[in-house]
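S.K.: Provided herewith is a single structure, encoded as structure tokens, for subsequent inquiry.
The values are calculated or read from the model by the stated rules, or taken from the named source; none is laboratory data. What you are looking at is a predicted structure, and each value in this text was computed from that prediction instead of being measured. Positions of Cβ are generated from backbone atoms using ideal geometry, with glycine treated the same way; all protein chains shown enter the neighbour counts. Keep in mind that these areas ignore ligands, DNA and RNA; they rest on the heavy atoms of the full protein, side chains included. Shrake-Rupley method; radii C 1.70, N 1.55, O 1.52, S 1.80 Å.
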Amino acid sequence: MAISAERQRLLTLRQQIHAANAAYYQGLATGYTDAEFDALLVELEQLEAAHPDWISPDSPTQGVGSDLTGRGFVAARHTLPMLSLGNTYSEEELRAFDRRLVRLLGGAVHGYVCELKIDGVALSLHYRNGELRQAITRGDGREGDDVTLNVRTIAAIPPWIAAAPAELEVRGEVYLPLAAFARMNQRRSAEGEEPLANPRNATAGTLKTLDPREVARRPLAFFAYEALDAGAAGATHHQTLARLAAYGFPVESHHARCADLDACIAYCRRWHDERRALDYLTDGVVVKVDDPHQRAAAGTTAKSPRWAIAFKFPPDRAVTKVERIEVQVGRTGKLTPVAHLTPVELAGTTVSRATLHNQDEIDRKGVRVGDRVEIEKAGEIIPQVVAVLDPDRPDRGKRFVIPSHCPACDGAVARDPDGVAHRCVNIHCPAQREAVILHFASRRAMDIAGLGPALVEQLLGAGLIHDYADLFTLAAQRAAVAALERMGERSTDNLLAAIEQAKQRPFARLLYALGIRFVGEKTAYLLAAALPSLDALASADETTLLAIPEVGPVIAESIRRFFADPANQALLDRLCQAGVRAEASAAAEVAVAQTLANLTFVLTGTLSRPRDEVACWIRARGGRTTAAVSKKTDYVVCGDAPGSKRDRAIALGVPLLSEAQLTALATPE
Ligand SMILES: [Zn+2]
């Protein structure tokens, strides 16, 4: 049954209003003015008034848009079990799979379809009369979690399909593109948070989060790979994939029809290496019988279909030796043990270090100096030690224990009361000092171009600076700076000019730059809005701080401790004397966080505002817009009825964003 244009508009309006509501109740910008938002709501009400039978309990007009957070997940039963696939790890096992089928079918298989196996989270989507009604995770295969509300914020999953069958179930994989994953981890480490382990865990965690704001902020993507409806029963698998693409689902573009098993094996060999160029993780190839009659004849076992199998790529692993274990001290004083390895080639790069995370992780894996270890790396993931290969050898070294004194300053080390991290508690620790200065100068803080790790180390080593306030005295020591290794007249002038410019940064960026623990970019903006000067902040009591949005007891305590420290007070006095802007000014209020810096966007479809206006809004936040989609495009923003640019983005693996997701992306953390 075809879905009418009015009905399509209604569903699009509901998606836009749900997303804006979610943002609003989280204290975020909705991307709409009040008038624009009201206009959307009025349009929806008019459509529902004209079609009373279209009113449904989950429509935003029925007043349930506000309680999205805090709602648990309800278990939902799969209409057909979501079976898992049998795994094979060798070409010989693949051939055995083919021989088994030939025996079962009494003749050759009429061709296979090979698809890349996306390392994400399997999802089942139910459409009724063309509308997305329910999204369920795999769960135990019989029943999973109903994650419909979160899935409704994913732009790559269409809220409606034109000309779809009355009942349609689509299965596929939700995943997080590697570039987005890398950006998430950069942001987390800038704020002193643990990086996320891998994109699959980040995807699973996001889908199950009870905070739709988080879902909207992480640009989850989707590939469809199966349709379960009457239309699929008589179609070959590659016809089904083409139909899914025609419905508007992203379908992984590298799938191929293979005449026989030799062609499948050639496909597997080819993608073993070529997958590294993709923007998503694949852990193998799924080989499926193409002919629906042969599928039916082969049938399924209780656990998995007999007509499909997963060929798993061997993980990128290598064996090397732990030469020593060093402890690094981060900006927040966190001690991270790092294994220094005999350099080894792995997935196209030379690996010489692997993080050991913390004491618990070291104990769990039993890593000691001198051990032969297996290490693993995939995509953007930090190399990890998987296992110790010779734990029983004689004369093995001692168990590694994180030192009780900081390797940089010999200060006391304490374990976090509620965590696994060990921390140097000396706030004047030199190792923390270098990291603190680098954070102060970083692009989204004071943005001092040219002040990188090597230069900060030199400046500290030469005694030219001791903390970030000293940066503003460098102009008076110009000759000494110019005499440093790899510096010269020109780069010294550039550095001093960048430091001079940094004095005029908006107050919120100074607050972020100070490196107060738990004060990330977003908190800094909220603080600056409520208490627009250093004096106001320094004298704020706990009650005042707790009244600020998103500031809880932990952040309030951290702020108060920072300003109460006499050493910090002296530091701030010197910043003010140097002429650094220490209060919000009218000009600074207007300044917008450059949250989209270095990102390239393409806009398609009908947006809630004129396209020029959206482009201008993106530019004001440091981003760029271009007309055509290419490999260099970071995101394609899709409005209503998106055109061929959306298809091109899917083909190139460029992530899609809804307007609400764009707004979330642009909102400082
Ligand atoms: Zn220390």
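S.K.: Just want the answer: with Cβ charges of +1 for Lys and Arg and -1 for Asp and Glu, which residue in ALA179, TYR267, ILE618 is farthest toward the dipole's positive end in the chain?
M.R.: The residue sitting farthest along the positive end of the dipole is TYR267.
S.K.: Need one word for the range 78-312: rounded, prolate or oblate. Basis is the Cα gyration tensor (sqrt eigenvalues a ≥ b ≥ c); a/c below 1.5 gives rounded, then a/b vs b/c decides.
M.R.: Judged from the Cα gyration tensor, the range 78-312 comes out oblate (a/c at least 1.5, b/c at or above a/b).
S.K.: Positive end of the charge dipole of the chain (Lys, Arg +1 and Asp, Glu -1 on Cβ, about the Cα centre): tell me which of ALA483, THR203, SER442 has its Cα farthest that way.
M.R.: Of the listed residues, the answer is ALA483.
S.K.: Quick check for you: with a 1.4 Å probe and neighbouring chains kept, what is the accessible area per residue of the chain, in Å²?
M.R.: With the other protein chains kept in place, the chain gives 44 Å² per residue.
S.K.: Give me, ordered by chain and number, the residues 5 or more places off LEU657 or on other chains with an amide H under 5 Å from its own placed amide H.
M.R.: VAL636, VAL637, CYS638
S.K.: Can you list the aspartates and glutamates whose alpha carbon sits under 17 Å from that of LYS398, skipping same-chain ones fewer than 8 residues off?
M.R.: Straight-distance partners of LYS398: GLU323, GLU326, ASP360, GLU361, ASP363, ASP371, ASP390.
S.K.: I've got another one for you. Between the range 547-579 and the range 488-546, what's the alpha-carbon centroid distance in Å?
M.R.: For the range 547-579 versus the range 488-546, the Cα centre distance is 10 Å.
S.K.: Compute, for GLU550, the solvent-accessible surface of its heavy atoms (probe 1.4 Å) with the complete set of protein chains present, and express it in square angstrom to the nearest 10.
M.R.: Only protein atoms counted, so the area is about 90 Å².
S.K.: With every protein chain left in place, what is the accessible area of LEU571 in Å² (1.4 Å probe, nearest 10)?
M.R.: Solvent-accessible area, nearest 10 Å²: 20 Å².
S.K.: Run the simple label-point estimate for LEU80 and GLN328 please: 7 Å along Cα→C-beta, distance reported in nm.
M.R.: It works out to 4.9 nm between the two label points.
S.K.: Classify the chain: rounded, prolate or oblate, from the alpha-carbon gyration tensor (a ≥ b ≥ c, eigenvalue square roots; a/c under 1.5 rounded; otherwise prolate if a/b is larger than b/c)?
M.R.: Cα axes put the chain in the oblate bin.
S.K.: By a straight-distance test (C-alpha under 19 Å), which lysines pair with LYS645 as possible cross-link partners, with residues fewer than eight away in the same chain excluded?
M.R.: LYS631, LYS632
S.K.: What are the aspartates and glutamates whose alpha-carbon lies under 16 Å from the alpha-carbon of LYS522, with same-chain residues fewer than 8 places away excluded?
M.R.: Straight-distance partners of LYS522: GLU191, GLU193, GLU214, GLU550, GLU589, GLU669.
S.K.: Continuing with the same structure: Largest first, what is the accessible-area ranking of GLU434, GLU167, GLU131 with a 1.4 Å probe?
M.R.: GLU167, GLU434, GLU131
S.K.: Using the Cα centre of the chain as the reference point, and only Cβ charges (+1 on K/R, -1 on D/E), how large is the resulting charge dipole? Debye, rounded to the nearest 20.
M.R.: 1360
S.K.: With +1 on each Lys and Arg Cβ and -1 on each Asp and Glu Cβ, and nothing else charged, work out how big the dipole of the range 78-312 is about its Cα centre, in Debye to the nearest 20.
M.R.: 40
S.K.: Tell me the trypsin sites (Lys or Arg not before Pro) within the range 443-535 that lie in a loop according to DSSP and have at most 10 other beta-carbon atoms within 10 Å.
M.R.: In loop regions of the range 443-535 (DSSP not H, G, I, E or B), the sparsely surrounded trypsin sites (Lys or Arg not before Pro) are ARG486.
S.K.: Right, here's the next one. Just report the Cα centroid separation between the range 257-281 and the range 326-355, whole Å.
M.R.: Here the two parts' Cα centres lie 32 Å apart.
S.K.: Say the dipole of the range 553-669 comes from +1 at the beta carbon of Lys and Arg and -1 at that of Asp and Glu; which of VAL580, ALA556, LEU665 then lies farthest toward its positive end?
M.R.: LEU665
S.K.: Set the Förster radius R0 to 22 Å, insert the Cβ-Cβ distance between GLU489 and GLN577 as r into 1/(1 + (r/R0)^6), and round the FRET efficiency to 0.05.
M.R.: 0.20
S.K.: Can you give the extra length, in nm with one decimal, that the chain gains between ARG624 and ARG100 once fully stretched, where that is 0.36 nm per residue apart less the Cα-Cα distance?
M.R.: This chain segment gains 183.2 nm when fully extended.
S.K.: Going by a ≥ b ≥ c, the root eigenvalues of the Cα gyration tensor, does the range 396-542 fall in the rounded group (a/c under 1.5), the prolate group (a/b larger than b/c) or the oblate group?
M.R.: Oblate, since a/c reaches 1.5 and b/c is not below a/b.
S.K.: With a 1.4 Å probe and all protein chains kept in place, how do THR523, THR349, THR543 rank by accessible area, largest first?
M.R.: Final ranking, largest accessible area leading: THR543, THR349, THR523.
S.K.: Now for a different question. Modelled label-to-label distance, SER56 and ARG415, 7 Å Cα→beta-carbon offset: nm?
M.R.: Spacing of the two 7 Å Cα→Cβ label points: 5.1 nm.
S.K.: On the accessible surface of the range 78-312, probed at 1.4 Å, how many percent belong to carbon and sulfur atoms?
M.R.: The nonpolar share, carbon plus sulfur, comes to 53 percent.
S.K.: Given a 1.4 Å probe and the protein chains all in place, what does the accessible area of SER404 round to, in Å² to the nearest 10?
M.R.: We get 80 Å² for SER404.
S.K.: Cut-off 16 Å, label point 7 angstrom out along Cα-to-Cβ of GLU345: give me the residues of the range 243-277 whose amide nitrogen falls inside.
M.R.: 273-274
S.K.: Something else now. Ignoring ligands, DNA and RNA, how do ASP392, ASP447 rank by accessible area with a 1.4 Å probe, largest first?
M.R.: ASP392, ASP447
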